[in-house]
Amino acid sequence: MEINETERENLINKISQMGKADWEATIGSQRPKDPVPWKKVVEVRKSNTAHLKEIVEKYGWPGKKLVGQEVAHWAWYITQHSDHDVEFQEHCLQAIEQLPEGQVELPDIAYLTDRVRVNKGQPQVYGTQFYGTDPAKLTPQPIENPEQLDQ
C-alpha cells in the first residue's frame with residue numbers, strides 16, 4: 001500500500017508509542033519487591049491490540065519496508081502480547097508469513113508461531129515459550145518434536 005510520508009511518520013510514531021507503553025508497563029515497572037501492575041499491563045495490551053488491529057486492517061502488516069526494522073519489531077511485540085485475542089495473533093502471523101522474505105525478523109516469526117500454537121492448546125514448534133517467571137526455574141511448554149528442536 002502506498003502512503004504519504006506524513007502518514008508513514010504518524011504510523012511509525014503510533015506503533016512506537018504503543019510498543020514502548022507495553023514495555024514500560026511490563027518491564028519498566030519491575031523493581032525489586034514491586035509487583036508488576038498487571039491491571040495496567042492488561043489495559044495497555046488491550047488498547048494496543050485494538051489500535052494495531054486498525055493499523056493492520058488499513059495498511060496490512062507493518063513490515064520493515066513500511067515502518068523500518070525497529071517499528072516492525074514493536075508491531076510484533078504488541079502482537080506477541082495480544083494473548084487475549086488469539087484470533088488476531090493468528091491473523092497477524094498469517095499476514096507476516098505472506099510478506100516477502102526479509103520484511104520480518106525470523107525470530108519474531110518463530111516466537112509468534114509458538115505463541116499462537118500454545119494459546120490454541122497445541123505444542124510449540126521452536127521452543128520459545130516457557131512456564132514460570134523466574135529465569136532459573138523456567139521449563140519449556142510442550143514441544144511438538146523436541147528431538148528435532150536444534151535443527
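Observations on the model:
- For region 10-22, the Karplus equation 6.51 cos²θ - 1.76 cosθ + 1.60, evaluated at θ = phi - 60°, returns couplings of 4, 5, 4, 5, 4, 5, 4, 4, 5, x, 5, 5, 5 Hz by residue, with Gly and Pro reported as x.
- Shape of region 1-117, Cα gyration tensor, a/c cut at 1.5: prolate
- With all protein chains in place and a 1.4 Å probe, the accessible surface of the chain carries 51 percent carbon and sulfur.
- Per residue, the solvent-accessible area of the chain (1.4 Å probe, heavy atoms of protein chains only, all protein chains present) comes to 62 Å².
- Under 5 Å between amide hydrogens, built in the peptide plane, is the criterion, and for Q124 it picks out I143, E144 among residues at least 5 positions away or on other chains.
The values are calculated or read from the model by the stated rules, or taken from the named source; none is laboratory data. All figures in this text were calculated on a predicted structure; none of them were measured in a lab. Heavy atoms of the whole protein, side chains included, go into the accessibility calculation; ligands, DNA and RNA do not. Shrake-Rupley method; radii C 1.70, N 1.55, O 1.52, S 1.80 Å.
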